[in-house]
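Structure record follows, encoded as structure tokens.
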Amino acid sequence: GIVFLIIASPCALAASAVPATLSAISNLARQGVLFKGGSYLTNLAELKAVAFDKTGTLTEGKPVVTDVYFDEQHTQDKQQCIDIIIAMEKTANHPLAQAIVEHFQVQDSLNVEVENHIGSGLVTNYQGSHYAIGKPDKFDDITLNMEQKTEQFAQEGKTVVYFAVDQQVIALIALMDI
């Protein structure tokens with residue numbers, strides 16, 4: 001019967017993929033497994049090996065700051081930049097933001113009004129300058145030195161966050177799960 005249906009209507013086979021994927025995602029979500037979309041579920045068919053860290057011996061699933069790098073080409077006051085980074089990140093509830101605040105361990109911070117651009121990062125204005133923290137792909141004005149550092153940290157398995165002043169990236173923060 002199925003052979004007849006496929007021969008009679010081949011598009012029915014293609015149309016059945018979407019409901020099957022949605023059903024699988026829904027079923028897995030009820031069991032605590034989350035996927036960003038159906039393509040990620042489909043990619044599981046190509047996996048050759050999976051490593052699980054059930055006991056927490058490899059990671060705790062908690063990000064920590066491993067490196068902070070300021071580009072030497074910029075003459076910004078590093079301590080003021082750190083103060084602004086902390087003030088901005090204290091307003092966010094993202095795990096990376098918490099790791100950054102914990103890394104610098106500053107009790108007093110500046111009082112700045114921060115805008116959270118979901119999926120991009122944070123922006124604020126302070127003393128006539130525009131500051132932004134976020135994903136590297138959201139920034140355009142990046143020096144070759146910063147690109148090289150970003151690539152180095154990425155190869156080490158670290159997540160990189162950029163800090164920019166007036167659209168120019170002057171620092172990066174590298175984080176890694178412990």
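Translational diffusion of the stretch 82-154 was estimated from the Stokes-Einstein equation, with Rh taken as the Kirkwood radius over Cα pairs; at 20 °C and 1.002 mPa s the coefficient is 161 µm²/s.
Note on the chain: with a GNM built from Cα contacts shorter than 10 Å, the maximum mean-square fluctuation among K138, K78, K48 falls on K48. Once the chain from A20 to K78 is taken as fully extended at 0.36 nm per residue, the excess over their C-alpha distance is 15.6 nm. Listed by chain and number, the aspartates and glutamates placed with their C-alpha closer than 13 angstrom to that of K158 are D67, D177; residues fewer than eight positions away on the same chain are left out.
For the chain, the pair-distance distribution built from all alpha carbon pairs, in bins 5 Å wide starting at 0, is 1, 7, 13, 14, 15, 12, 9, 8, 7, 5, 4, 2, 2, 1, 0 percent. In the context of the full set of protein chains, the chain has a per residue accessible area of 67 Å² (1.4 Å probe).
Estimated at the nearest 10 Å², the accessible area of E102 is 100 Å² with a 1.4 Å probe. Counting Lys and Arg as +1 and Asp and Glu as -1 over every other residue whose Cβ lies under 13 Å from the Cβ of A99, the net charge comes to -2. How large is the translational diffusion coefficient of the stretch 125-174 in µm² per second when you combine the Kirkwood radius over alpha carbon pairs with Stokes-Einstein at 37 °C and 0.692 mPa s? Value of D from the Cα-based Kirkwood radius: 296 µm²/s. With contacts taken as Cα pairs under 8 Å at a separation of at least 6 residues, the chain carries a relative contact order of 21 percent.
The values are calculated or read from the model by the stated rules, or taken from the named source; none is laboratory data. No experiment lies behind these values; they were computed from the predicted model shown. Backbone-built Cβ (ideal geometry, glycine too); neighbour counts: all protein chains shown. Accessible surface areas use protein heavy atoms only, side chains included; no ligands, DNA or RNA. Shrake-Rupley method; radii C 1.70, N 1.55, O 1.52, S 1.80 Å.
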